[in-house]
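Scroll down for the structure; my scribbles are underneath it.
The values are calculated or read from the model by the stated rules, or taken from the named source; none is laboratory data. Since the model is a prediction, treat every value here as computed from it, not as a measurement. Positions of Cβ are backbone-derived with ideal geometry, glycine not excepted, and every protein chain shown enters the neighbour counts. In case anyone asks, the SASA skips ligands and DNA or RNA and just uses the protein heavy atoms, side chains included. Shrake-Rupley method; radii C 1.70, N 1.55, O 1.52, S 1.80 Å.
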Amino acid sequence: AEVAAGVCDFGGENIAKSLVKSLCQEQVGGQAPDSVKGLVLWLGAIGRSLGGISLTGLQDGMVKKLQQIVGSGIDEAAQVWLLHSYWLIATASGPAFIQHVSQMLNIATQVSVLSTGHEAALLQTVARIGNAVVGILGPEFSPGKFAFRRSNVLIDGAKGAEGGDGAQLEQVLHIQQLLLFAPHVSTTSALLGILKPFLRTGQPAVRMAAAKTLRHLAETNPFSLAEEGVEHDVISALDRESEPEIQATLRRVFIVVMEAGCGEVPTRWIQFCQNIILNETWSAGVEGAGGFG
């Protein structure tokens, strides 16, 4: 699949069209499961490689083929690959994929509902489809609309995955997507309430995503974070953090937020230090009392 994507990337649009046309003419019935997985992965890899305008004329045929494969009765492992290919094509197309959003969401829902194992990989892939819709629709991703409701269902469905570290990551990335493409959907305070617990998770990739999301917020709207007093959460996260890259990201968040906050309220540093001292004193008192118990 990667070789095919590379050929399309360097060979130009005509070669890509010829290859996609050939793939779309492949008969799925009777093929071995690995052959079907290969076919859907080829389509996804080519879509990712082309992207943008070059992909526009091929979308309909590729999506139609994926829909045909779904209807052929593939196994659960192949369904994961199929949804992944959908995601590759959708994210590479951007807003040009809008006409296929409802179909993609329906297929993802169908796969999720009919799956028997509810494995973490499947739930993460389904959640990734829900996240992709936010970037595709942008301002059109609004409460009350079908895409909004269905995407949230797909993302929420991943929360129950056992060992679902990837599902946790998709939840953090959902907040990122909302901040980047649909900030009208929720308030900063509400999003922070969802995001902050992920700074304490045991998975470095999830903590990194949460820290980067905070950094994006700090660099675009530091005053909103200062109003929420997020510097205390950042310091608490830094006390526990052992990964240098995450530490550096959190320090950047702290500096930006405090610079913005102190510009508005010059005594903010004093208030912050007082709170730290009070918290340390209280913690020490609790530990001391526990020692005498």
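Tabulated results
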read-out	value
Hits in region 225-239 - residues which are surrounded by fewer than 18 Cβ atoms within 10 Å (Cβ to Cβ) and among the small types (Gly, Ala, Ser)	GLY229, SER236
Only one of SER102, SER142 that is out of contact with any strand residue (DSSP E or B) (no Cβ under 8 Å at 6 or more places or on another chain) and part of a loop (DSSP other than H, G, I, E, B)	SER142
Subset tally (residues that are of a type in the set (D, E, K, R) and closer than 17 Å to ALA167 by Cα) for region 131-154	1
Any chance PHE292 is surrounded by fewer than 16 Cβ atoms within 10 Å (Cβ to Cβ) and either more than 22 Å from ALA211 (Cβ to Cβ) or modelled with pLDDT under 80 (or both)	yes
In region 171-196, residue farthest from VAL133 (Cα to Cα) [restricted to those that are more than 16 Å from the chain's Cα centre (by Cα) and polar (S, T, N, Q)]	SER189
Single match in ALA209, ALA205 (criterion: out of contact with any strand residue (DSSP E or B) (no Cβ under 7 Å at 6 or more places or on another chain) and open to solvent by less than 50 Å² (accessible area, probe 1.4 Å))	ALA209
Condition met for LEU50 (hydrophobic (A, V, I, L, M, F, W, C), at negative phi and at pLDDT 85 or above)	no
Residue within region 211-225 that is touching a helix residue (DSSP H, G or I) at 6+ places or on another chain (Cβ under 6 Å) and β-branched (Val, Ile, Thr) present	yes
Answer residue from region 74-98, given it is closer than 11 Å to ALA132 by Cβ and among the polar types (S, T, N, Q) and is modelled with the lowest pLDDT among those	SER93
Those residues of region 169-199 which are open to solvent by less than 40 Å² (accessible area, probe 1.4 Å) and not in a helix (DSSP H, G or I), in sequence order	ALA182
Residue within region 116-124 that is part of a helix (DSSP H, G or I) and in contact with a Ser or Thr (Cβ under 9 Å, 6 or more places away or on another chain) present	yes
Test: residue in region 247-255 that is buried (at least 17 other Cβ atoms within 10 Å of the Cβ) and of a type in the set (Val, Ile, Thr)	yes
Some residue of region 135-152 being of a type in the set (A, V, I, L, M, F, W, C), modelled with pLDDT under 90 and open to solvent by less than 40 Å² (accessible area, probe 1.4 Å)	no
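Residues are listed down the side, and each one gets a yes or a no for (1) open to solvent by less than 70 Å² (accessible area, probe 1.4 Å); (2) of a type outside the set (Asp, Glu); (3) more than 24 Å from PHE146 (Cα to Cα):
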{"site": "LEU50", "(1), (2), (3)": "yes, yes, yes"}
{"site": "GLU76", "(1), (2), (3)": "yes, no, yes"}
{"site": "GLN79", "(1), (2), (3)": "yes, yes, no"}
{"site": "LEU83", "(1), (2), (3)": "yes, yes, no"}
{"site": "GLN103", "(1), (2), (3)": "yes, yes, no"}
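Here's the yes/no breakdown for (1) modelled with pLDDT under 75; (2) surrounded by 14 or more Cβ atoms within 10 Å (Cβ to Cβ); (3) not small (Gly, Ala, Ser):
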site: GLU13; (1), (2), (3): yes, yes, yes
site: LEU19; (1), (2), (3): yes, yes, yes
site: SER22; (1), (2), (3): yes, no, no
site: GLY30; (1), (2), (3): yes, no, no
site: LEU39; (1), (2), (3): no, yes, yes
